[in-house]
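> Following this message is one structure expressed as structure tokens.
The values are calculated or read from the model by the stated rules, or taken from the named source; none is laboratory data. Keep in mind it's a predicted model, so treat the numbers as computed, not measured. When we count neighbours, we look across all protein chains shown, and the Cβ atoms used for this are built from the backbone with ideal geometry, even at glycine.
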Amino acid sequence: MNMIFLGAPGAGKGTQAEVVCKELNIPAISTGNMLREAVANGTEVGLKAKAFMDAGDLVPDEIIIGILKDRIAQPDAKNGFILDGFPRTVAQAEALDSMGVQIDKVVEINVADEKITARMSGRRVCEKCGNSYHIEFKPTKVEGICDACGAKVVQRIDDKPETVQARLKTYHEKTAPLKDYYQSRGKLVTVEGQEEIADTSKLVLAAIKN
Ligand code: ADP
Ligand code: ZN
């Protein structure tokens, strides 16, 4: 099963993708995590991507499409995958189509902008493995330390309030049109992501089983 998780920054795509990938035993592929890793390692892609990311803009399509194409060609993606944070533009969705990638379901996690702005300040991410946490809603077992790998959890540069506003604007302008794109192809399911993480997980798991 190939799925796309769609939603505004901070809607909880990454958290829900982690839940579903355990349940179905398929990888969750986060383009944001891959880009942050590239930035941390100082690769050529990382050097190109950093300024866009820090400003809350999208990385250019030609960069990200190449990365994604290589990633889904890996053996672990053979039996399906969850795309978390890709596609983010209609051009990226069309690129997936032209690669011949069949998408079974697009799960949109819907959260109001006001709620997102409030949530973001508490968000933390593991420096090493990219797992995401929240100081209030999904704390690490040991403060500041990733449950999964033991590395440090930190606040992302682009989780500052000003940058969050820029990211929301980018989402509404460039990514939200994908709802219509997949709706018209009969792939879109929308779940509410406003309440507790576990409530959303139940809705997501129900949505993908139908
Ligand atoms: P969030 O969903 O919380 O905004 P991500 O971790 O998915 O964050 O992405 C962080 C940043 O990485 C984005 O703001 C953007 O700059 C870049 N990025 C991630 N995925 C894509 C993509 N598919 N296309 C363009 N830029 C991307
Ligand atoms: Zn970790």
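> Under the condition of being within 16 Å of ligand 2 (Cβ to nearest atom) and touching a His at 6+ places or on another chain (Cβ under 9 Å), which residue from segment 115-129 is nearest to Gly193 (Cα to Cα)? Walk me through how you get there before you give the answer.
Of segment 115-129, the ones within 16 Å of ligand 2 (Cβ to nearest atom) are 123-129.
Checking which are touching a His at 6+ places or on another chain (Cβ under 9 Å) leaves us with 123-124.
Working: Arg123: 16, Arg124: 18 Å.
Top of the filtered list is Arg123.
> Let me ask something else about it. Condition check: more than 18 Å from Lys13 (Cα to Cα) and aromatic (Phe, Trp, Tyr). Does Tyr171 satisfy that? Quick ask: steps written out before the conclusion?
Details: more than 18 Å from Lys13 (Cα to Cα): no; aromatic (Phe, Trp, Tyr): yes.
Criteria not met by Tyr171.
> If you take the residues of segment 153-175 that are within 16 Å of ligand 2 (Cβ to nearest atom) and within 20 Å of Lys50 (Cβ to Cβ), which of them is modelled with the highest pLDDT? Explain how you work it out, then say what you get.
Keep residues of segment 153-175 that are within 16 Å of ligand 2 (Cβ to nearest atom), which gives 153-156.
Next, from what is left, pick out any that are within 20 Å of Lys50 (Cβ to Cβ): 154-156.
On the way: Val154: 94, Gln155: 91, Arg156: 87.
So the residue we want is Val154.
> Just to be sure before I move on: is Val107 within 16 Å of ligand 2 (Cβ to nearest atom) and modelled with pLDDT of 95 or more in the structure I sent? Before you say what the answer is, go through the steps one by one.
Values: within 16 Å of ligand 2 (Cβ to nearest atom): no; modelled with pLDDT of 95 or more: yes.
No: the conditions fail for Val107.
> Given the conditions (1) closer than 15 Å to Thr89 by Cα; (2) crowded, with 20+ Cβ neighbours inside 10 Å, which single one is not true for Arg36?
The single condition Arg36 does not satisfy is (1).
> Answer yes or no: is there a residue in segment 170-182 that is among the aliphatic types (A, V, I, L, M) and within 15 Å of ligand 1 (Cβ to nearest atom).
Checked against the condition, which is being among the aliphatic types (A, V, I, L, M) and within 15 Å of ligand 1 (Cβ to nearest atom), segment 170-182 yields at least one hit.
> Given segment 106-210, what strands (runs of 3 or more DSSP E) lie entirely inside it while holding 1 or more residues that are of a type in the set (D, E, K, R) and more than 17 Å from Gly32 (Cα to Cα)? Full working, then the answer.
Working: elements: 123-126, 132-134, 188-192.
Hits in segment 106-210: 188-192.
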